[in-house]
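K.L.:
Right, I'll just put the structure down here and ask away after.
The values are calculated or read from the model by the stated rules, or taken from the named source; none is laboratory data. Just so it is clear, the model here is predicted, and its values are computed rather than measured. Neighbour counts run over all protein chains shown; Cβ positions are idealised from the backbone, glycine included. Areas reflect the complete protein model, heavy atoms only, side chains present, ligands, DNA and RNA absent. Shrake-Rupley method; radii C 1.70, N 1.55, O 1.52, S 1.80 Å.
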Amino acid sequence: MRFRQSICATQIFTSALTRVTLPNAADGGLMAPKYVTNIQILRFFAALSVALAHIGVAVEEHDQVDSSVFRMVYPFDWGLGVDVFFIISGFIMYYLMRDRFGEPGISGKFLRRRLIRVVPLYWACTTLMVASILSAKQLINNNVLDPVHLIASYLFIPWPRANGEIFPVFSLGWTLNYEIIFYIVFAIALSMSRRSGLIFAFLAFSALVAGHMAAPESWWFLHYVGDWIIFEFLIGIALAAIFLNTDRRISPLVAVAFMVVGVLLAVIFYQTGSYTFMPRLVTGGIPAAFIFIGAVFVDFTPKNRVARWLEVGGDASYALYLVHAFTANIVAIIGGRLGLPSLVTFGVGVVVSVGASVVTYRFFERPITNFLNQRFGRV
């Protein structure tokens, strides 16, 4: 009976996706500028939510005056930004590559381009973290360097630290480990017809999750790669199919309602401790999906100076997600030693983190990505 239900679920998922109407050749498969703007703004807020939590924690740890004065507020898990990112990833990948399934050589080209996008800045941050551990070990919480763990970190292979936690040397890279899993599965799917590829992606993720559920705790690698969170990529793919399959968009009022529901669900799940016994796909993925629908499916795009600045922040969202780990601690340490009020240190940490991310994007990430794409990444 369960096997039959699984086949039915697969058929429903893939039939919905393969009925997508392809764009005219004239549009080149590109998204309308207003929807790009909305996604970029959403990216910024997703990265910012993660940064806020880490800046708050850093300020608490390094407050030299009175640690009880400042306490980071947690109405919901600020890590919700990661769930939003995963849905965006699935959405964008399918949207851009939907008409290239089965194209000769497309899998390698896709992987090359994605690695060019994520590797340089992540490797730079990992190297900077290693240098920080070697030069200021006392300021780093997880300061044990193991050669095998270090190599695994650079190669996006999940591997336990000395304390048993499965995080790379640069902790924020745990999300990139999942991104790489998605890229590999999606690249294999691209080598097939669209229908076969989507069936493969669904079954591959389902098999990983099934393995996670069935394996003993000692099988840590399978528990890691088969976490329910990987289905958030499939949510993004499904939402891309819906987006492409209909011209209808929701009104701004309905969009706000979707986002409010998403935030309220996140608050309820967090405040009730649901995340302790429910998979993150539920406690993070469902709220993130509501927020994504409200932000992207709306028939409205802000066109003012604030929106343009937020879009710049979206361009630098990957840099913000990675770089804030350093700026947060640097600002917190300096603020603590100067005896600055915690709220002031927190505000400075946010401003410096966002500013550093924009600088990093403009003068490191974008130039090196453009250079490598010109040399190796044309798709």
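K.L.:
For the range 322-338, in order, what is each residue's ³J(HN,Hα) by Karplus, 6.51 cos²θ - 1.76 cosθ + 1.60 with θ = phi - 60°, in whole Hz (x at glycine and Pro)?
P.N.:
Coupling constants for the range 322-338: 8, 6, 4, 4, 8, 5, 4, 6, 4, 5, 5, 5, 5, x, x, 6, 7 Hz.
K.L.:
In Å³ and rounded to a whole number, note down the convex hull volume per residue for the Cα atoms of the range 185-324.
P.N.:
Each residue corresponds to 163 Å³ of Cα convex hull volume.
K.L.:
Take the eigenvalues of the Cα gyration tensor for the range 176-236, scale each by 5, and report the square roots as semi-axes in whole Å, largest first.
P.N.:
Each semi-axis is the square root of five times an eigenvalue, giving 22, 12, 9 Å.
K.L.:
Give, in nm to one decimal, the length gained when the segment between Ile188 and Val148 is fully stretched (0.36 nm per residue of separation minus the Cα-Cα distance).
P.N.:
11.6 nm
K.L.:
In degrees from 0 to 90, rounded to the nearest 10, what is the angle of the helix 305-315 Cα long axis to the longest principal axis of the chain?
P.N.:
For 305-315 against the chain, the angle is about 80 degrees.
K.L.:
List residues of the range 320-334, by number, whose backbone nitrogen lies under 16 Å from a label position 7 Å along Cα→C-beta of Val344.
P.N.:
331-334
K.L.:
Sorted by accessible area with a 1.4 angstrom probe, largest first, how do Lys109, Lys137, Lys303 fall?
P.N.:
Sorted descending by solvent-accessible area, the residues read Lys303, Lys137, Lys109.
K.L.:
Just in the range 121-227: which GluC sites (Glu not before Pro) are loop by DSSP and have at most 15 other Cβ atoms within 10 Å?
P.N.:
Qualifying residues, ordered by number: Glu165, Glu217.
K.L.:
I'd like the distance separating the alpha-carbon centroids of the range 250-283 and the range 178-201, in whole Å.
P.N.:
So the two Cα centres are separated by 28 Å.
K.L.:
With N set to the residue count of the range 326-379, report its C-alpha Rg divided by 2.2 N^0.38 Å to two decimal places.
P.N.:
1.65
K.L.:
Which order do you get for Asp77, Asp247 if you rank them by accessible area with a 1.4 Å probe, largest at the top?
P.N.:
Correct descending sequence by accessible area is Asp247, Asp77.
K.L.:
For a quick check: with amide H placed at 1.01 Å from N, whose amide H comes under 5 Å from Ile250's, ignoring anything fewer than 5 positions away on the same chain?
P.N.:
Counting only residues 5 or more places away or on other chains, the set is Val298, Asp299.
K.L.:
Using a simple spin-label model with points 7 Å from Cα along the Cα→Cβ vector, what separation in nm is obtained for Arg362 and Ser196?
P.N.:
Once both label points are built, they end up 4.8 nm from each other.
K.L.:
From the phi of every residue in the range 70-77, what ³J(HN,Hα) in whole Hz does the Karplus formula 6.51 cos²θ - 1.76 cosθ + 1.60 yield, where θ is phi - 60° and glycine or proline is x?
P.N.:
10, 9, 4, 8, 10, x, 8, 6
K.L.:
Order Met213, Met72, Met259 by their accessible area, 1.4 angstrom probe, all chains in place, largest first.
P.N.:
Met213, Met259, Met72
K.L.:
Rounded to the nearest 0.05, what FRET efficiency do Tyr74 and Asn370 give with R0 = 45 Å and r taken as the Cβ-Cβ distance? Could you check?
P.N.:
0.70
K.L.:
Now for a different question. Express the carbon and sulfur contribution to the solvent-accessible surface of the chain as a percent, rounded to the nearest whole number, probe 1.4 angstrom.
P.N.:
66
K.L.:
Using a Gaussian network model of the chain with C-alpha springs under 10 Å, which one of Leu52, Leu320, Leu253 is most mobile by mean-square fluctuation?
P.N.:
Leu253
K.L.:
Once the Cα atoms of helix 342-360 and of the chain are each reduced to a long axis, what angle between those two axes, in degrees from 0 to 90 to the nearest 10, is obtained?
P.N.:
Taking Cα atoms only, the helix is inclined about 50 degrees.
K.L.:
Based on the Cα coordinates of the range 283-367, what is the per residue volume of their convex hull in Å³?
P.N.:
Dividing the Cα hull volume of the range 283-367 by its residues yields 145 Å³.
K.L.:
When the label point is put 7 Å from the Cα of Thr127 along its Cα-to-beta-carbon vector, which residues of the range 306-326 have a backbone N closer than 19 Å?
P.N.:
Under cut-off, by backbone N: 319-320, 322-326.
K.L.:
Ok, one more. Counting pairwise Cα distances across the chain, what percent come out greater than 29 angstrom?
P.N.:
Result: 45 percent of Cα pairs exceed 29 Å.
K.L.:
While we're on this one: When only DSSP loop residues count, what chymotrypsin sites (Phe, Trp or Tyr not before Pro) in the range 232-280 have their Cβ near at most 12 other Cβ atoms within 10 Å?
P.N.:
Phe277
K.L.:
Do any trypsin sites (Lys or Arg not before Pro) in the range 217-289 lie in a loop, going by DSSP, with at most 10 other beta-carbon atoms within 10 Å of their beta carbon, and if so which?
P.N.:
For trypsin sites (Lys or Arg not before Pro) across the range 217-289 that sit outside H, G, I, E and B with at most 10 neighbouring Cβ atoms in 10 Å, the list reads Arg248.
K.L.:
Then there's this: What's the magnitude of the charge dipole for the range 30-183 around its Cα centre, counting Lys and Arg as +1 and Asp and Glu as -1 at the beta-carbon? Answer in Debye, nearest 20.
P.N.:
With only Lys, Arg, Asp and Glu charged at Cβ, the dipole is about 800 debye.
K.L.:
Which value, in Å², gives the accessible area per residue of the chain when a 1.4 Å probe is used on the protein heavy atoms?
P.N.:
Result: 49 Å² per residue.
K.L.:
Length gain on complete extension for the stretch Val57 to Phe326, per 0.36 nm per residue less the alpha carbon to alpha carbon distance?
P.N.:
Extending this stretch completely gives an extra 95.6 nm.
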